[in-house]
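Peer 1: Would you mind keeping the following structure in view while I ask a few things?
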Amino acid sequence: MDQPDSLISVSGRIVNHSLYELDKGVRQLFMLTLSWADLPGVVARLAADRVDHYVHRLNDSRVNLFFGRAALVETVRRFVDKPLCELTAEEDFMLGMLLGYDREQQCRRYLERTATPERHPYAGAYAPAPFC
């Protein structure tokens, strides 16, 4: 992109950095929450680099855009069909792992979400994030 930094949106900068990480093999899947207004420009950038993507509608003003390696994007497309806070514990765990989140934190989050009185969550220092 030959535009000065002041003309590139924040979303555009994030996508450019993410594409750099994708190209270098640092991460293989990304999720970006953005406005519908920013979506066409970002999708055009992904298309220009032949990067697979999936648009998941949040509401009338925002979307979650998943992009990266084809197999990972297709996997997300098959189970992210509802608000993220409504994902099952297993789906939430899988999404976190696909996005490259810290494995131990994802395991603790899963254990917390699946805890019952008979099956106590991991006893480590963990403050669970709200689910919705």
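Just so you know, all these numbers are worked out from the coordinates, no wet-lab data involved. The shown structure was predicted, so the numbers you read here are calculated from the model rather than taken from an experiment. Here the Cβ is made from the backbone with ideal geometry for all residues, glycine too, and neighbour counts use every protein chain on show.
Peer 1: What distance in nm lies between label points placed 7 Å from Cα along the C-beta direction at Ala115 and Asp102?
Peer 2: It is 1.7 nm.
Peer 1: Still on this structure: Considering Cα pairs under 8 angstrom that are at least six residues apart, work out the relative contact order of the range 8-113 and quote it in whole percent.
Peer 2: Here the relative contact order equals 24 percent.
Peer 1: Could you calculate the FRET efficiency of Arg77 with Arg13 from 1/(1 + (r/R0)^6), where r is the beta carbon distance between them and R0 is 22 Å, rounded to 0.05?
Peer 2: Numbers: r = 26 Å, r/R0 = 1.16.
The value I calculate is 0.30.
Peer 1: Now for a different question. Could you give me the radius of gyration and the Dmax of the range 8-113, taking only the C-alpha atoms into account and expressing both in angstrom?
Peer 2: 13.9, 41
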